[in-house]
Amino acid sequence: MNITFSVPALLCHRKARSLDGKTRKVPGPPTLPKLVGYYTNGKSPNFDRAREYAAWKAHVQAHTPPLVLHATKARPVRVDVTCYFPNGAHADPENVRKGVVDALFKHRSGGDKYVYGYHHHPLYDPGNPRVEVVITAAGGQS
């Protein structure tokens, strides 16, 4: 069974370097289309980036068809992605795939322990940046 869908780029805030050398969000509405890669808070958390990643996961969930998928040892799930970035400044495609997987499986029973997959090399479409997602579930799952 295959499920295929597309997630458009998320509009994020642009950033600019201020006179003191710090990077800050440009005021106003978000206008920068991005495919956001996986992020976890480390020793020095970047809370803007953490919020952007949380928004990305919610965005992915909002563009996902209704799924009842559970990845188990007996029935692993494959998630393949093809990223179409707006330009050459972008996240690692594997981190974008990991973000999609986190959005789809993190809070389901079993989480993403038995989820595997592929990411295509970066492609570019400035007019329609997006992630094409193909989920392949083992027989019987829907």
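Within region 70-93, residues that are among the polar types (S, T, N, Q) sit with their Cβ atoms under 8 Å from residues that are open to solvent by less than 30 Å² (accessible area, probe 1.4 Å), at 6+ positions apart or across chains, in these pairs: 82/131.
Evaluation of residue 137 against the conditions (1) under 17 Å from residue 58 (Cβ atoms); (2) touching a strand residue (DSSP E or B) at 6+ places or on another chain (Cβ under 7 Å); (3) at pLDDT below 95 shows that the sole unmet condition is (1). The listed residues are 64, 23, and the only one of them that is of a type in the set (Val, Ile, Thr) and out of contact with any Leu (no Cβ under 9 Å at 6 or more places or on another chain) turns out to be 23.
For region 43-84, the candidate set comprises residues that are in a helix (DSSP H, G or I) and under 15 Å from residue 6 (Cβ atoms); within that set, the residue that is most open to solvent (accessible area, probe 1.4 Å) is 61. In the set 96, 79, 100, 115, which member is touching a helix residue (DSSP H, G or I) at 6+ places or on another chain (Cβ under 6 Å) and closer than 28 Å to residue 14 by Cα? Checking each option against the conditions leaves just 100. Among the residues of region 38-60, those that are in contact (Cβ under 8 Å) with a residue 40 or more places away in the chain and out of contact with any helix residue (DSSP H, G or I) (no Cβ under 9 Å at 6 or more places or on another chain) comprise 52, 55.
Taking region 1-27, which residues are over 16 Å from residue 49 (Cβ atoms), outside any strand (DSSP E or B) and touching a residue at least 12 places away in the same chain (Cβ under 8 Å)? Correct list: 1, 9. The number of residues in region 85-96 that are crowded, with 18+ Cβ neighbours inside 10 Å, in a loop (DSSP other than H, G, I, E, B) and either of a type in the set (Gly, Ala, Ser) or in contact with a Leu (Cβ under 6 Å, 6 or more places away or on another chain) (or both) comes to 1.
The values are calculated or read from the model by the stated rules, or taken from the named source; none is laboratory data. All of these numbers come straight from a predicted model, not from anything done at the bench. FYI the Cβ positions are ideal-geometry reconstructions off the backbone, even for glycines, and counts take in every protein chain you see. Side chains are part of the model used for accessible areas, which takes the heavy atoms of the whole protein and leaves out ligands, DNA and RNA. Shrake-Rupley method; radii C 1.70, N 1.55, O 1.52, S 1.80 Å.
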